[in-house]
1. Kindly establish whether Arg283 is at pLDDT below 95 and either touching a strand residue (DSSP E or B) at 6+ places or on another chain (Cβ under 6 Å) or not aromatic (Phe, Trp, Tyr) (or both).
2. Is it fair to say Gly319 is surrounded by 21 or more Cβ atoms within 10 Å (Cβ to Cβ) and of a type in the set (Gly, Ala, Ser)?
3. Please find, within the range 153-174, the residue that is surrounded by the most Cβ atoms within 10 Å (Cβ to Cβ) out of those that are in a loop (DSSP other than H, G, I, E, B) and modelled with pLDDT under 95.
4. Considering only the range 286-310, state which residues are of a type in the set (Asp, Glu) and modelled with pLDDT under 95.
5. Restricting attention to the range 71-86, does a residue exist that is within 15 Å of Ala23 (Cα to Cα), assigned to a strand (DSSP E or B) and of a type outside the set (Val, Ile, Thr)?
6. Only residues in the range 114-136 that are over 15 Å from Pro305 (Cα atoms) count as the first member; pair them with residues that are of a type in the set (Val, Ile, Thr) and assigned to a loop (DSSP other than H, G, I, E, B), Cβ under 8 angstrom, at least 6 apart or cross-chain, and list the lot.
Amino acid sequence: MDTDTGTAQVIDSEVVVVGAGQAGLSTAHHLARRGYAPGSELVVLDGSPAPGGAWQHRWPTLTYGQVHGIHALPGMELTGADPQRPSSAVLGEYFSDYEDRFDLRVRRPVRVHGVRDDGAGRLLVQSDHGTWRTRALVNATGTWESPFWPNAAGRAAFRGRQLHTADYRGPEAMADARVVVVGGGTSAVQHLLEIAARARATTWVTRRPPVFRSTDFDPEEGRRAVALVDRRVRAGLPPRSVVSVTGLPMNEAVRRGRQDGTLDRLPMFDRITPDGVTWADGRFVPADVLLWATGFRPVVRHLAPLGLREPGGGISIDGTRAVRDARVHLVGYGPSASTIGANRAGRTAAREIDALLGGRAPGRTTAPTRRPVAA
């Protein structure tokens, strides 16, 4: 039902999902299976211009074959993808087909800028395309739009180019440049391996020595890693990524990079100068480009009016439910910030929300009507 409050139209729904990446689509799928009608009772809002979540923004030289640990969305496998195609294209098409098959009716681009209590037990989801009044909210906004730039002495004085992984579009712009890559995660490794062939010189800088995995990552280790992140979130601390506690995956390209020196690492520099970076012991590395592969932070600023943050700076969650407000569920946050974790969190959030709202369709076991996927 639509109502008017003053001059702004408010649209009523049962559940609003903000974000249509892996976690948002997984949650919407499981809610639809429980009987919440997409487009009316279940509203999915996405700030991106097209399907694909954060994948659509990845640099074009990151091929599907280079991506590790991708798990299919629930109910629809991803098969036959060309490993040489850009991951942004492969996963963008896959997400688009998924939305069509399950008729999830994602509204985009819609930018949510605030979520507030309406004073009568519901939440007001305010956006640049209207306001929704809802009984439950699923926040699946991920991290891509919140790149983390560390404080570094002298950064403002650097005369060269600075960019973050979020801005990186491939190695062509680094041709014949002296590049310093900062960060100890998978993105930093991927950047270095492809930039090294084009740049005049590359230097890798990390705060802690990187740990490379020489063995396969088994499910038990995965559970332990997720548990470490989960403990931080339950304690109300800002979440760490699962990758940060699992180590870096080893493959043939990484082995070559370690052998030829591309992945030799230096400790974090002490200061940025106008022409490079320097250490307290006098070491200096000249640089034309500083590439900050320093990760991302959860996009949760729009939730600030609800007062969900704990003294430690994070949002404490139990399962997927925000401890300070049972109507709010966070997926793709903390322990569920991985593709397999996002799928599991989506199922959990749908179950918990259905219980909160009194059970839309008790005992339902069949999926909603699906649209055929175009060949």
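The values are calculated or read from the model by the stated rules, or taken from the named source; none is laboratory data. All figures in this text were calculated on a predicted structure; none of them were measured in a lab. All Cβ positions, glycine included, derive from the backbone under ideal geometry; neighbour counts span all protein chains shown.
1. Answer is no for this residue.
2. Against the criterion (surrounded by 21 or more Cβ atoms within 10 Å (Cβ to Cβ) and of a type in the set (Gly, Ala, Ser)), Gly319 does not qualify.
3. The qualifying residue surrounded by the most Cβ atoms within 10 Å (Cβ to Cβ) is Gly170.
4. Matches in the range 286-310: Glu310 only.
5. no
6. Asp128/Val110; His129/Val110
One line per residue, one yes/no per condition, for (1) surrounded by 16 or more Cβ atoms within 10 Å (Cβ to Cβ); (2) more than 26 Å from Ser13 (Cα to Cα):
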{"site": "Pro51", "(1), (2)": "yes, no"}
{"site": "Leu73", "(1), (2)": "yes, no"}
{"site": "Glu77", "(1), (2)": "no, yes"}
{"site": "Ala81", "(1), (2)": "yes, yes"}
{"site": "Ser88", "(1), (2)": "yes, yes"}
{"site": "Phe95", "(1), (2)": "yes, no"}
{"site": "Asp103", "(1), (2)": "no, no"}
{"site": "Val106", "(1), (2)": "yes, no"}
{"site": "Ala120", "(1), (2)": "no, no"}
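Here's the yes/no breakdown for (1) more than 30 Å from Leu308 (Cβ to Cβ); (2) at pLDDT 65 or above; (3) surrounded by fewer than 16 Cβ atoms within 10 Å (Cβ to Cβ):
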position: Pro209; (1), (2), (3): yes, yes, yes
position: Arg213; (1), (2), (3): yes, yes, yes
position: Gly222; (1), (2), (3): no, no, no
position: Ala227; (1), (2), (3): no, no, yes
position: Val243; (1), (2), (3): no, no, no
position: Pro274; (1), (2), (3): yes, yes, yes
